[in-house]
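The values are calculated or read from the model by the stated rules, or taken from the named source; none is laboratory data. Everything quoted here is computed from the prediction, not taken from an experiment. FYI the Cβ positions are ideal-geometry reconstructions off the backbone, even for glycines, and counts take in every protein chain you see.
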Amino acid sequence: MSNCTFTLFIISLVQLGSSLLAQKDSTKILGEVHIKAIRSNSQMATSSSIIKTEELQHLNLGQDIPTLIQQLPALQLSTDAGNGIGYSYLYIRGMDAQRIQVNINGVPYNDAESQEVYWVNIPDLFSSADDIQVQRGIGFSAMGGTGLGGSISIKTTKRHLKPFLTYQTSFGSFNTFKNTLQASTGVLPDGWQITSRGSWIQSEGFVDRAWSRLGSFYLDVSKYGDRYTSHIIASHGRERTYQSWYGLSEEDYRAGDRQKNIAGTDYGSKAGEPFANQIDNYHQTHLQWIQNFLWKNGQQSSLTAYMTRGLGYYEDYKANQDFANYGNGLAGFGDLTRQLWLDNYLYGVNASHKIEKAQFSNTSAISFSYYMGDHFGRVNEFFTPPAGNALDRFYLNDAKKTDLTAFNKLVYQANKSSFVLDLQLRQVNYYSAGSLRNQSIFSFDKNFTFFNPKLGWSYTVDAKSKFYSFLGLSHREPVRSDFLDEDALSQPRPEKVYNLELGYEKKWTSSELKVNVFAMYFIDQLVPTGNINTVGAPIRQNVDKSYRAGAELEWNYCFSKKLSFYMNQYLAANRILDYTNYLIAYNESDYSVNASASEQINYTSTSIAFSPSWISYAELKYSPWSHTHLRLMNKIVSAQFLDNTSSVAKSIPLYSFTNLSLSHSLKLRGKQEIELNLLLNNLFNADYITRGYTYHSGHTVSPAGNVTRGSDYNFYFPQAGFNFLLGVGWKI
């Protein structure tokens, strides 16, 4: 019997036994059924945080979700435009979005091929969200795949007891504007509810020409019954942004030109003004059909079907191109503009069944998704007419990916202890073939089978304190760029991580403390090399053995009803145990690799790139009146290395910034309410960098055998200095 069949057999036995036990229990009736298969709960205590979005409305003035939730432990962010609008990136424990699983109502949001999370494609989703759960570490199984660094679960389905209409507008630095109109019927007497939202956000960005034009709508048609809920959700996001993912050279940064953008110049090769239409233009549509049931025997079931449709391109100017790469029989050299397209669909279904009794609960779930996408390029304009006929699509490759995941979570309560057994099986097939931009032909067909077991234990000392522990194993497959960036002799391998978490939580009358200690041991971790590809994505490589270990602390203290203090601290060691850095040498005559002049530098222990050892957040909140709140917020992130050589010359220094928010609500006649919010970002105008990349030019060898050593080149992503956002909200 294969491992796959055996694991499914064990999961089926556990589910069958749980169902037989459940038949002896009495039934229960719930008003609104809420299936919990997609999230951890109090019995599965792990290193996680839940934010009700209403708690952060004072920050919701146009910036993306990573900016709004950055106050959570072990989180850091970066933005291309420098002001939190447009392309934004979130990191958990130093790991980027390719290792963070994001779900919206249990539906996977990560791009199936790159595993990236493009928040820019779902602008203002925060306004439609009810709450957001952030899980650090691998955590327990959830719908939509697995994460290594963590997972983010966004819930948008919300039952509104009363109808409402809200309009929110905000404006601020860099010609930033946001308008959001949202309405709901509330739950009508027959159980129906309709909730809708429309949003428009625009900003010129801190970086030169890094403008954004973002629009979205959201519609949820729901039916609430005594034993079921049903949701049909349609949402659409459209983004047009000027590219700013190239970063700023160290030379320009040292010269004080922090807003320079080389996009539209083909790395300085274009004469005159930058190309005006160097844009990213993409739209994405999401459809979800969610059914939740409560059966008479008290068991709960959930069924979700979904479809995600994406279509768009980015356009760029290329100088002195060899026209032979743009069509058979073409000849000549010259400048051109081109569009690189994505055309993709994701279909899927999630199903779960939960039995919840006095001493135990059991959740069985299965999810399946099918992705298909085309990658192709088109030439818009040849500035020098070529000899011959250009192809309509000068490169074309397609991809298909299936993901089948099944898991069973059994929770058993014994006195003050709670035990969790979580077994997950995941089967992934990924196929892609066709031509690339350089006209080379490629093909790969990969199959992965992962078994991810997890164990948890929590002990409730009393009503105010508990201990918990977690031990688990998880895997994650390489992404598209990993296969394309590596050569045929060094194909990427899946990542494997063993994760141990130990935690303690304690509440007092006026304070609360949470402490979590973690250790993550990786085999074949895919770490960034420090370089990036043509669209700003990190180039990664496997390292045999590495680890991330540290502690997270949260403390909340109320001095009085008017004054409170919250802070969290993240301390970690992130090391590769054996690493080789390659400095390639090239022959000047034909630019072929010269193996004898190339160098290999070995490190027995070195820091992992882009992994800070310290992240700190502190917030002081003062409420002089019941509807007025003043918050002073500070974030500190320690130094990070741009590659895996632990070189100070290739690093980002420690940075710190302070924000101040002021919010006030006015109660008017009837049910009307006015919300006023002022957000002062980077209050002390700190000059700081959140992200960067580096590359080595390589050595060169002359025909006479003389070696000229290469140089390192660093690029940074500076963030905006002092800036502000002012918002007004009206609700009836």
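Before moving on, here are some points about what is shown:
- Qualifying residue in the range 673-681 (condition: within 23 Å of the chain's Cα centre (by Cα), of a type outside the set (D, E, K, R) and more than 25 Å from V728 (Cβ to Cβ)): no
- In summary, L660 fulfils each of the numbered conditions (1) modelled with pLDDT of 95 or more; (2) closer than 22 Å to S598 by Cα with the single exception of condition (2).
- Looking across the range 73-125 at every residue that is of a type in the set (F, W, Y) and in contact with a helix residue (DSSP H, G or I) (Cβ under 6 Å, 6 or more places away or on another chain), the one that is farthest from S49 (Cα to Cα) is identified as Y87.
- Hey, F444 aromatic (F, W, Y), part of a strand (DSSP E or B), more than 18 Å from M143 (Cα to Cα) and touching a helix residue (DSSP H, G or I) at 6+ places or on another chain (Cβ under 8 Å) or not: yes
- Pairs, first within 12 Å of F444 (Cβ to Cβ) in the range 389-401, second outside any strand (DSSP E or B) and of a type in the set (G, A, S), C-beta under 6 Å, six or more apart: K401/A112
- Meets criteria (within 30 Å of E512 (Cβ to Cβ), in contact with a strand residue (DSSP E or B) (Cβ under 7 Å, 6 or more places away or on another chain) and either free of Cβ contacts under 8 Å to residues at least 12 places away in the same chain or surrounded by fewer than 19 Cβ atoms within 10 Å (Cβ to Cβ) (or both)) for K446: no
- Checking every residue in the range 593-608 against the condition of being at pLDDT below 90, assigned to a strand (DSSP E or B) and not hydrophobic (A, V, I, L, M, F, W, C) gives at least one match.
- Residue within the range 606-618 that is over 30 Å from H696 (Cβ atoms), surrounded by fewer than 19 Cβ atoms within 10 Å (Cβ to Cβ) and in contact (Cβ under 8 Å) with a residue 24 or more places away in the chain present: yes
- Selected residue (only one of N568, N574 is in contact (Cβ under 8 Å) with a residue 60 or more places away in the chain, in contact with a Phe, Trp or Tyr (Cβ under 6 Å, 6 or more places away or on another chain) and assigned to a strand (DSSP E or B)): N568
- Among the residues of the range 646-662, those identified as within 24 Å of Q541 (Cα to Cα) and buried (at least 21 other Cβ atoms within 10 Å of the Cβ) are K650, I652.
- One residue alone among I366, I355 is farther than 27 Å from I441 by Cα and in contact with a helix residue (DSSP H, G or I) (Cβ under 8 Å, 6 or more places away or on another chain), and that residue is I355.
- For the range 535-565, a residue qualifies if it is assigned to a loop (DSSP other than H, G, I, E, B) and not hydrophobic (A, V, I, L, M, F, W, C), and the qualifying residues are G536, S560, K561, K562.
- The residues on offer are D96, D131, and the sole one that is at pLDDT below 95, more than 23 Å from G247 (Cβ to Cβ) and acidic (D, E) is D131.
- Condition check for S665: part of a loop (DSSP other than H, G, I, E, B) and either surrounded by fewer than 19 Cβ atoms within 10 Å (Cβ to Cβ) or touching a residue at least 24 places away in the same chain (Cβ under 8 Å) (or both): no
- For beta carbons closer than 9 Å, sequence separation of 6+ or different chains, a first residue in the range 706-732 that is within 24 Å of F641 (Cβ to Cβ) and without any contact (Cβ under 8 Å) to a residue 24 or more places away in the chain and a second that is β-branched (V, I, T) and surrounded by 16 or more Cβ atoms within 10 Å (Cβ to Cβ), the qualifying pairs are R709/T700.
- Residue under evaluation G86, criteria (1) surrounded by fewer than 24 Cβ atoms within 10 Å (Cβ to Cβ); (2) more than 13 Å from the chain's Cα centre (by Cα); (3) closer than 26 Å to I689 by Cα, criterion not met: (1)
- Scanning the range 673-718 for residues that are within 24 Å of L75 (Cα to Cα), out of contact with any Lys or Arg (no Cβ under 9 Å at 6 or more places or on another chain) and in a loop (DSSP other than H, G, I, E, B) yields N682, L683, F684, N685, A686, Y688.
- Number of positions in the range 692-730 that are within 37 Å of the chain's Cα centre (by Cα) and over 14 Å from N83 (Cβ atoms): 20
- R309, sole failed condition from (1) within 22 Å of the chain's Cα centre (by Cα); (2) at pLDDT below 90: (2)
- F360 being of a type in the set (F, W, Y) and farther than 30 Å from N415 by Cα: no
- Hey, N344 at pLDDT 95 or above and either in a strand (DSSP E or B) or on the phi > 0 side of the Ramachandran plot (or both) or not: yes
- Restricting attention to the range 169-190, the residues that are in contact (Cβ under 8 Å) with a residue 40 or more places away in the chain and farther than 15 Å from L679 by Cα add up to 2.
- Some residue of the range 373-392 being within 30 Å of L423 (Cα to Cα), touching a Phe, Trp or Tyr at 6+ places or on another chain (Cβ under 7 Å) and in a strand (DSSP E or B): no
- Condition met for E315 (among the charged types (D, E, K, R), free of Cβ contacts under 8 Å to residues at least 24 places away in the same chain and farther than 30 Å from T157 by Cβ): no
- For A74: the one exception among (1) touching a Lys or Arg at 6+ places or on another chain (Cβ under 6 Å); (2) modelled with pLDDT under 95: (2)
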